[in-house]
1. Quick one: if you stick a label point 7 Å off each Cα along the C-beta vector at N110 and A517, how many nm between them?
2. Give the relative contact order (percent, whole number) for the stretch 316-387; include only Cα pairs under 8 Å separated by 6+ residues.
3. If packing is taken as the average count of other Cβ atoms within 10 Å, what order do 75-84, 185-194, 290-299 fall into, highest mean first?
4. Hey, what's the stretch 174-255 come to in accessible area per residue, 1.4 Å probe, Å²?
5. Which of the peptides 169-181, 404-416 is most tightly packed, and how do the rest follow, judged by the mean count of other Cβ atoms within 10 Å per residue?
6. How many Lys pairs in the stretch 192-292 lie less than 23 angstrom apart by Cα atoms, where the lysines are 8 or more positions apart or on different chains?
7. Quote the FRET efficiency, to the nearest 0.05, computed for E413 versus L169 with a Förster distance R0 of 45 Å and r equal to the Cβ-Cβ distance.
8. Pairs of lysine in the stretch 316-387 with Cα under 21 Å and at least 8 positions apart or on different chains: total?
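The values are calculated or read from the model by the stated rules, or taken from the named source; none is laboratory data. On a predicted model such as this, the values are computed, not experimentally measured, just so you know. Cβ placement follows ideal geometry from the backbone for every residue including glycine, while neighbour counts extend to all protein chains displayed. Each accessible area value is taken on the protein alone, full model and side chains, heavy atoms only, with ligands, DNA and RNA left out. Shrake-Rupley method; radii C 1.70, N 1.55, O 1.52, S 1.80 Å.
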Amino acid sequence: MFQKTVETLKNSNLHNGLLPLLQKCQNLKQFKQIHAHILKSSYLPQSPNSVGHLLSVAALSSNADLFAYSRLIFRHLTHRNTFIYNTMIRAYAQTHSPVPAIFCYLDMLNYGLTANNYTFPPLIKACTLLLVPSSKSIGSLVHAHVVKFGFKDDPFVLSALIVFYSSILDMVTARKLFDGIPKKDVVLWTAMIDGYGKMGNVEKARELFDEMPERNVISWSAMMAGYSRVNDFKEVLSLFREMQETGERPNDSILVSVLTASAKLGALAQGIWVHSYVKKYNLESNLILATAISDMYAKCGCIEAALSVFEGILNKDVGAWNAIISGVAMNSDAEKSLELFHKMAVQKIQPNETTFVSILTACTHAGLVDEGLKLFDQMETMYQVKPQLEHFACVVDLLSRAGFLEEAEKFIEEKMGGLGGGDANVWGALLGACRIYGNVKVGNRVWKKLANLRVADCGTYVSLYNIYKEAGWEMDATRVRNSLTELGLKKKPGCSLIEVDGMVDEFVAGDLSHPQADEICKILNSLFKVVNLENSDTVKYL
């Protein structure tokens, strides 16, 4: 059938019959048949138009073989025009090949051709895809060309520029362009929200979000992702409920954000709802979603459910293994974490830095010092994972919690280059262990090192105060407390979270702003009285 169509093309006008025939191509062989016919025609040597449609269909096809063939055609063309160059720039951007797209544009200028309004949107997209430090400079130069060639008011070009500047977090320039557009579509609004969200400026992002004349699922996703980045997980769930009221169906990105928030807040009911939704719409094959569900169950303390979801994942990647190893470790089952780690190795899944943080943490909480030190020694030699600062910190924590304080101090000095080569938080962890074990000698040495480098924070002062106080060093304890007051350091108040009927409430120490604070305090006081009464009766009975 296809061969008959090619024969028909030979007897018809080339340009009128070419495009419909190209659209019928199902493979490279058929495409080459049409190309061969064009090569035989008298059109090609004089004009690039005859091959333009051919190149466009091949280059913009999702077929990798056709795209590769289009590059071969383009390379051997002796006659080119702006349409052909635009096609290749767009194709490179579409296949996430930004560097060839930019070089293609430069080649077009060297060829003596002028860019048009179809040139710049894919070219700017290519700049957005660049993952190099110079991407901002390159994008700014393209912006200069936009102005030079007279397309600074073209709505499609402006949209591409706003997306670009938002992606590199240059929100000042993005906002100037955004405010200058009288009619903004949902893509532009979302790009701005996403840019502000990535900067951590959720206030600006929310202002725009609330002003949007219309929203789509990507808009909701961008706003929730912004709140997730600043750890405002309560607002993520609040926004999700608001979205549900509009009838908008969540995408995979939103579901992951909600699962992450549920895990962080311990909002099990909300997490279960998402899991049910995933099963209802057969989304369980999505590896990222399945991993997030397993992680949510583990962090909410439902380790059996977490393991069940994990076992159901067919093609587990290192992220899925990391999540379950970490989750099991959090639930105080270090032996199970080690079992999973070894099973991971048997299945030839290469562990990464995160894997070793999880497994070392598991050993720390279980007091498995020998196992932890052995794994640390094997990281680079057996698993080809170079230890990073966080792994050294895990070993310090492992030794400190087990009471090997001097060994931990020695490890920091010899393996981490002392305080100057490490993180003050590592020394802070050691200081906290000194308090637990009442080791004033090591604690005093660590404190002096921190104080001399002026990296001590409020937690450091509090730990040292408690060490001195509990050791009976009243004068030293008073001196530390006075220093804390003089420096104006304040300890961050503790907080707790509770989920009731799908709503998460946060309670901060000393904060009575909750609308039911009075009733809560009365109930707590009643409970304290009951406990005291029971204790009193028990003492009398004994």
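1. Going by the 7 Å Cα→Cβ label model, 7.0 nm.
2. 32
3. 290-299, 185-194, 75-84
4. 48
5. Taking the mean over residues of other Cβ atoms within 10 Å, the ranking is 404-416, 169-181.
6. 5
7. The formula returns an efficiency of 0.70 here.
8. For the stretch 316-387, qualifying lysine pairs total 9.
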